[in-house]
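The values are calculated or read from the model by the stated rules, or taken from the named source; none is laboratory data. Predicted model only: the values in this text are computed from it and were never measured. Using ideal geometry, Cβ is built from the backbone for each residue, glycine included, and neighbour counts are taken over all protein chains shown. All accessible areas refer to the heavy atoms of the entire protein, side chains included, with ligands and DNA or RNA removed. Shrake-Rupley method; radii C 1.70, N 1.55, O 1.52, S 1.80 Å.
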Amino acid sequence: DLTLGGLFPVHSRGPAGVPCGGVKKEKGIHRLEAMLYALDRVNGDPHVLPNLTLGARILDTCSRDTYALEQALSFVRSLLPPEGGEGTCPDGTPPRRPPPERLVGVIGASASSVSIMVANVLRLF
């Protein structure tokens with residue numbers, strides 16, 4: 001019913017020209033797993049949010065602020081009209097598209113520089 005976004009440094013910063021490096025277990029994978037565990041607990045208790053299910057859309061920041069900003073923009077792309085307009089089907093009807101994801105918040109990122117950059121963009125939407 002509702003989706004929470006997550007931005008976690010699953011990978012470390014890559015060398016020059018490569019956005020992502022090796023996997024970060026403690027500060028990346030563990031935080032991602034903690035979010036999923038919390039969502040499982042909330043969704044499994046009918047008294048916490050009755051008749052409501054939380055989902056997640058989790059993206060990797062690769063411990064790089066510019067890469068995290070690109071990832072955060074994907075949270076809002078579904079709200080924007082498609083490039084080239086809506087278009088039409090061969091029979092002249094408008095295309096059927098799934099309803100936009102109901103993203104209600106974003107958890108993360110772990111570094112202040114990344115959080116500030118992402119917050120400034122997401123605040124607009």
When only Cα pairs under 8 Å and 6 or more residues apart are kept, what is the percent relative contact order across the chain? 37
Between Arg102 and Arg41, what length comes free when the chain is fully extended (0.36 nm per residue of separation minus the Cα-Cα distance, one decimal in nm)? 19.9 nm
Please give the length that would be gained between Val18 and Arg123 if that part of the chain were fully extended, namely 0.36 nm times their separation in residues minus their C-alpha to C-alpha distance (nm, one decimal). 35.0 nm
So what does Arg97 come to for accessible area, using a 1.4 Å probe and Å² rounded to 10? 120
From the coordinates shown, P(r) over Cα pairs in 10 Å bins from 0, in percent corresponds to which of (1) 13, 43, 33, 10, 1; (2) 14, 49, 31, 7, 0; (3) 12, 34, 30, 18, 6, 0: (3)
Which Cys residues of the chain have no other Cys beta carbon under 4.7 Å away? Cys89
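Of the peptides 102-112, 6-16, 56-66, how do they stack up when ordered by the mean number of other Cβ atoms within 10 Å, highest first?
Working: 102-112: 15.6, 6-16: 18.3, 56-66: 20.0.
Result, highest mean Cβ count within 10 Å first: 56-66, 6-16, 102-112.
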Where the accessible area of the chain is counted over protein heavy atoms with a 1.4 Å probe, how much of it, in %, is carbon and sulfur? 58
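Given the chain, what percent of its DSSP beta bridges are antiparallel, to the nearest 5?
Bridges in the chain that DSSP calls antiparallel: roughly 15 percent.
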Heavy-atom accessible area per residue, the chain, 1.4 Å probe: how many Å²? 66
Put a dot 7 Å past each Cα toward the Cβ at Thr88 and Leu49; how far apart are the dots in nm? 4.1
With point charges of +1 on the Cβ of Lys and Arg and -1 on the Cβ of Asp and Glu, referenced to the Cα centre of the chain, which listed residue (Leu52, Val121, Cys62) lies farthest in the positive direction of the dipole? Cys62
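Where does the charge balance sit around Gly5 when Lys and Arg score +1, Asp and Glu -1, over other residues with C-beta under 10 Å from its C-beta? Please report the intermediate quantities before stating the final value.
Working: positive: Arg57; negative: Glu101.
Local net charge: 0.
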